[in-house]
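To keep things clear, I will list the structure first and then write my remarks on it.
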Amino acid sequence: MSGCHLAFPNNLWSDQVSCRVAVVTNSSPSNWSFNLRCINLTMLASFMNKLFVLFVFTLSCVVDQSMATMITHGPVLGRPGSTTMSIWARTESPAKIVVKYGHVAGRLTMSSDPVITSIEHDNTGIVTLEGLQPDVRYYYTVDTLPAESGRSGSFRTLPDAAAFTDPKLNPKGLFNFRFEFGCCNNQRHGEELKVPLATYATMNREISGNIHFAILNGDWLYEEKREFTVPEWQRQTGTRDQDIPSILRLSPSITGVWENYKLYWERAPHVRRWHANIPSYYTVDDHELVNDIYGCATPGFRNRRAVFRDPAMRAWFDYLAWANPKEHTQAAHFGRARTTVGSDILVDQEADFTRIPWEDMASLHIHFGGYLAGIKNPEPDPKLGDPNHGVYRVVEVIDRNRIRITPAPIATRESVYSIGRRTYGRFRVSNCEFFLLDTRTHRDLHDVKTPLDPNRSMLGKTQLEWLMQSMKNSDADFFFVSSTVNFMVPHVGAGDAQLDRNQAAAKDDAWTVFLHEREKLINYWTDEVRRPVFVLTGDLHNSFAIKITENVWEFASAPHNSPNHRSDIDAGGLPIQGHFKYGPRACDVRWSTYVMSDIPREHRKFPNYCVVQVNNVFDNPLTPESHRWIIYPKPYVMFQFFDGRTGDLKYAETIHGASGKQ
C-alpha cells in the first residue's frame, strides 16, 4: 500500500529471560544456552485488533473505489442535434457519471456536469452535452467519479442551416444528410451466422463514419432471461430489501426485461461499438414487449401478453427509448387497487386520479402478475395469473381514489394495474420531418376475416389525428413515417419456426388487417399532403421497395440478424418484383429480397440494412478552400440496400421531391 507503514510496538515483547536446553544426539549430549524474548499476549491481542481494523478499512476503500469505477453497460448515444448530444450508461450501483470530450482523441479537454445513475431505472443515467459545434466529430469517454473507467466512443453533430445559407443560392440553409434504418436483432440466431450480429460488424466497417444517425425500427431484442427475479436482481446490484425500487414491488417482472437488455448488450460487441458511435432513434414492436402482442386497447380483452405492455415499455424507456423525442412526456402510472365483484369501481387509496393527465394516457391494464408474465413460451396457465387481468377503459374519475372502469372486474381482490403512456414522437432534420409511430400501445384486437372494419384501429384516434394534423401543418419537403409493422405486405407466418402465436387472434401483424385506417392515410397523403411520404417498416424479416401511389412509398429494411421469412407463405405471396395486391389496393413491388420456401430455416441467413441519403444541395465552390452550397431544383432521396454480411449494394431507388425553388 503506497504511503502505509506498519511498525511493531516496543511493548509487544516481555523482558528477556535466560534458558538452558540439553540436547542429546547419537554422538554425545550437548548443552545449549541462549536468550529468549517472550511475547506479551495482552499487547499482541491489542496489536492484532488494530491490524484487522486497518485491513478492513483498506479493503473497504478498494471495494468502494472498484464499485465506483464499474460501468457495466454503455456508452450509448442518442438525441443528436447540431449543438447537443446525449450519452447513456449503466453502473453496477448508483454512482456519479461524467463525460469528458474533445475534438481530438486522447485530448479530452471538456467535461460535463456529473449525473447520478438511478436505482429506480436499473442504475442507468443520461448525460446531455450542450453548446457543441455543428457538423463536428467529437471524441469522448464516460467515467464514474471519483475513479475513471474510460469507456469511449465518438460522435458527429448534425449540420446547422446557418453554415449552408446563401440568400440567393440556398436561402433556407438546406443541407445533405444520411441515416441507416433496419430492425430485427435476434441474437439467438447469431450463432448460426457464425459472426454474432454480422450486420453490425459490416455497418461499423462500411458506414459508421458516413451517417448522422440510425433508426432501429423495432425488435431490438428478443425475449430471453424474462424469468429473472427481484432477489436475483438484488444480488446482482447489491440492493437491500429496504432499497428495492417501488416499481419492482408493483411489477417485479420488470427485472426480467432489464436482464434481457443487459444480456443483449453483453454478448454483442459489434452492437456495443455501433451504439457508442452512432446516435439512434427507436420504435417499439412486439419483441420489446412480448411476441405477437395484440389488443392492448380493446376493453374486455383478457390476455397475458396484452397486459405486459406497460412493464416492458417501462424497461424500454430505461434502456432505449430515453433517446426518442416524445410528443407526450407523462410516464405510465402504476398502482395497487381493490376491486369487488359486481362493481365497476376500482379503488386505489394511494392514488390521486384527479391529477392524472388523462389526455396523455393510454388504456388501463390489470396485470397478469408474477415472473412468467413476460416470457415468450411456453404459455403459462392462466390460473397462475390475476383473474382480473385484462384491458379496461376508464369511464369516469369519481374522486381522488376511485375510477369507474369497463368491463367490471370478475373477482374481489387486490390487483396491480397500470395506465399506459403515449410513446410516439417526431423530429426534424433540414427539410425532412420524421414520425416515430407506436403500432402496439393503441392497437385494437384485429380479425383477419374483417380487415376493412372501420371500428378497428392500429394507431388509435389520438395518434392518428396527431399524425395527420402534424403533416398538414408541416412545410417539410419529405416525410419519413416509421412504422414497425409492414404497410402493404401481410405478416401471416412465423417462418416455420416453432409457433409461439398469441392464440387470441389469427396471425397478421401488419396494416393489412387495419385496411380502413391504412386507406385513410394513403388517400390523405396522396390527395392532401402531395409531397413524398416514405413509410419505413420492419417486422417481416425481408427487405423490399414498394411504390404505392405517385408520392407514397413503402421501404422495408430487415433483418439485421433474424432468420428470413418465406416470401410466398409468411408474406402473403410477395413477389420478387411487379404487381402485388393484398386487400383493396394494388401496388408495384420494385424489388424485394425474395426468400424461397424450400430453403431450410437454419440456412435462411440473408441480413440487410438500408442507408438513406437526402441530397438537397451540391457544393460549387469559388476556390478549393471554400464552400458554396446550391440547392437542387428538385431535391432527392436515395434508398440504398446493402448485404449485411458483405456490405455489397443490392438495390437502390431514387425519389425526387417537388421543385426546390424558394
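Figures for the structure shown
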quantity	calculated
Cα-centre dipole for the range 139-283 with unit charges at Cβ (Lys and Arg positive, Asp and Glu negative), debye to 20	300
Local electrostatic count at CYS432 - Lys and Arg +1, Asp and Glu -1, tallied over other residues with Cβ under 12 Å	+1
Heavy-atom accessible surface of the chain: percent carbon and sulfur, 1.4 Å	52
Value of Rg to Rh for the range 128-239 (Rh from inverse mean 1/r over Cα pairs, i.e. Kirkwood)	1.10
The range 555-662 shape via C-alpha gyration tensor axes, a/c threshold 1.5	oblate
Highest average packing first - 440-451, 286-297, 552-563, Cβ atoms within 10 Å	552-563, 286-297, 440-451
Share, in percent, of DSSP beta bridges within the chain that are antiparallel, nearest 5	85
Degrees, to the nearest 10: 515-524 long Cα axis against longest axis of the chain	70
Candidate lysines - alpha carbon under 23 Å from LYS383, same-chain residues fewer than 8 apart omitted	LYS225
The chain, relative contact order in percent, only Cα pairs under 8 angstrom and at least six apart counted	12
Area of SER208 that stays accessible when all protein chains are in place (1.4 Å probe, Å², to 10)	30
Local electrostatic count at ILE398 - Lys and Arg +1, Asp and Glu -1, tallied over other residues with Cβ under 11 Å	0
Rounded to 10°, Cα long-axis angle of helix 309-319 versus longest principal axis of the chain	60
Qualifying lysines (Cα of each under 24 Å from Cα of LYS168; at least 8 residues distant if same chain)	LYS634, LYS661
Among 430-438, 119-127, the order from most to least packed when residues are scored by Cβ within 10 Å on average	430-438, 119-127
Aspartates and glutamates whose Cα lies under 19 Å from that of LYS472, excluding same-chain neighbours fewer than 8 positions away	GLU327, GLU433, GLU517, GLU519, ASP527, GLU528, GLU550
Cross-link table LYS520/LYS547; LYS461/LYS547; LYS326/LYS507; LYS507/LYS581; LYS461/LYS581; LYS547/LYS650, entries beyond 22 Å C-alpha to C-alpha	LYS461/LYS547; LYS326/LYS507; LYS461/LYS581
Structure-derived Rg/Rh (Cα atoms, Kirkwood Rh) - corresponding label in (1) 1.04; (2) 1.15; (3) 1.11	(3)
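The values are calculated or read from the model by the stated rules, or taken from the named source; none is laboratory data. Everything numeric here is computed off the predicted structure, so don't read it as measured data. Every residue, glycine as well, gets a Cβ built from its backbone with ideal geometry; the counts of neighbours run over all protein chains shown. Ligands, DNA and RNA are excluded from the accessible area calculation, which covers all protein heavy atoms including side chains. Shrake-Rupley method; radii C 1.70, N 1.55, O 1.52, S 1.80 Å.
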